[in-house]
Amino acid sequence: MADDLVQIVTAAMADATRRSGEWLKCRPGCSQCCVGVFPIRWQDADRLRDGLVALSEADPERAARVRARTASALARLDPWFPGDVATGVLGESYEEAILFEEFANNEPCPALDLDHGTCDLYESRPILCRTFGPPMRTEENNLATCELCYIEASTEEIERCELDPAIPGLEEASNAAYEAATGQRGETLIAYALRGV
């Protein structure tokens, strides 16, 4: 199911990108969405770990840089992490959710090569990273976009560029199946997913 989801998302993104044209500003070197932590599920975490293992074989020096950035990020995150530092699992209490809202909003992703503004684990990136940019529905049914994109587009033009609205449901089903098969629960952050790889 995980590989199927990545293929579905890749096809949906290609379609949304084609419809968006120049309104979609996402390009190598643009890394605004790579700053600030966000929760990921274990399917994404395991994909990232596999990606770092593969990178270690293909390009050990680049993998070493990812590991160094991960260690540096963890040193900054650990003291304030709203969850279990030992497991990297985010807390689920109301208080921990409130703390997370203000947590590490300026922290660059450890997979981000700051010199080039590119992702060193691009092929293994989480689904959220794969879908960021084109308009997507929020839980309130609003269309959200990157603040750098669709600046001169009308509401109707933005609506015509919407990413397939079935993606969140497909992602949830894929994550649920993965968690049932592996026994993993909860959410983590990219830095904790990459810890110790």
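The values are calculated or read from the model by the stated rules, or taken from the named source; none is laboratory data. Everything numeric in this text was worked out from a predicted model, so none of it was measured. Using ideal geometry, Cβ is built from the backbone for each residue, glycine included, and neighbour counts are taken over all protein chains shown.
Would you call Cys26 within 24 Å of Glu171 (Cα to Cα), of a type outside the set (Phe, Trp, Tyr) and in contact with a Phe, Trp or Tyr (Cβ under 8 Å, 6 or more places away or on another chain)?
On the way: within 24 Å of Glu171 (Cα to Cα): yes; of a type outside the set (Phe, Trp, Tyr): yes; in contact with a Phe, Trp or Tyr (Cβ under 8 Å, 6 or more places away or on another chain): yes.
Yes; evaluated as a whole, the condition is true for this residue.
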Go through region 167-180 and give me each residue that's without any contact (Cβ under 8 Å) to a residue 12 or more places away in the chain and either surrounded by 11 or more Cβ atoms within 10 Å (Cβ to Cβ) or closer than 20 Å to Thr131 by Cα (or both).
Gly169, Glu172, Ala176
Quick test of your reading of the structure: Ile40 fulfils all but one of (1) within 30 Å of Gly88 (Cβ to Cβ); (2) touching a Cys at 6+ places or on another chain (Cβ under 8 Å); (3) surrounded by 20 or more Cβ atoms within 10 Å (Cβ to Cβ). Name the failing condition by number.
(2)
Can you run down the residue pairs with Cβ atoms below 7 Å, 6 or more apart or on separate chains, where the first is in region 148-164 and surrounded by fewer than 18 Cβ atoms within 10 Å (Cβ to Cβ) and the partner is assigned to a helix (DSSP H, G or I) and at pLDDT below 95?
Leu148/Gln32
Could you check, for region 168-186, whether at least one of its residues is part of a loop (DSSP other than H, G, I, E, B) and closer than 18 Å to Asp15 by Cβ?
no
What residue, of Glu95, Glu123, is part of a helix (DSSP H, G or I) and under 19 Å from Arg195 (Cα atoms)?
Glu123
Per the filter on region 187-197, residues in a loop (DSSP other than H, G, I, E, B) and either within 26 Å of Asp15 (Cα to Cα) or within 17 Å of the chain's Cα centre (by Cα) (or both) are Glu187, Leu189, Arg195
Suppose the filter is among the small types (Gly, Ala, Ser), touching a residue at least 12 places away in the same chain (Cβ under 8 Å) and touching a Ser or Thr at 6+ places or on another chain (Cβ under 6 Å); does Gly83 pass it?
no
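Of a type in the set (S, T, N, Q), exposed (fewer than 14 other Cβ atoms within 10 Å of the Cβ) and either touching a Gly at 6+ places or on another chain (Cβ under 9 Å) or at pLDDT 95 or above (or both): which single residue out of Thr87, Thr138, Thr145, Thr70 fits that description?
After applying the criteria, what remains is Thr87.
Looking for whichever is within 16 Å of Asp120 (Cβ to Cβ), in contact (Cβ under 8 Å) with a residue 12 or more places away in the chain, in a helix (DSSP H, G or I) and of a type outside the set (S, T, N, Q) here; the options are Asp15, Asp50. Which one fits? Lay out the reasoning, then the answer.
Values: Asp15 fails: within 16 Å of Asp120 (Cβ to Cβ).
So the residue among Asp15, Asp50 that is within 16 Å of Asp120 (Cβ to Cβ), in contact (Cβ under 8 Å) with a residue 12 or more places away in the chain, in a helix (DSSP H, G or I) and of a type outside the set (S, T, N, Q) is Asp50.
Would you call Thr118 among the polar types (S, T, N, Q) and either buried (at least 21 other Cβ atoms within 10 Å of the Cβ) or over 15 Å from the mean Cα position of the chain (by Cα) (or both)? Quick ask: steps written out before the conclusion?
Details: among the polar types (S, T, N, Q): yes; either buried (at least 21 other Cβ atoms within 10 Å of the Cβ) or over 15 Å from the mean Cα position of the chain (by Cα) (or both): no.
So Thr118 fails the test.
Out of the residues in region 20-47 meeting the condition of being in a helix (DSSP H, G or I) and touching a Leu at 6+ places or on another chain (Cβ under 7 Å), tell me which one is modelled with the lowest pLDDT. Outline the logic, then answer.
Initially, region 20-47 is screened for residues in a helix (DSSP H, G or I), giving 20-23, 32-34, 42-47.
From what is left, the residues that are touching a Leu at 6+ places or on another chain (Cβ under 7 Å) are 32, 34.
Working: Gln32: 91, Cys34: 95.
Applying the filter and picking the extreme gives Gln32.
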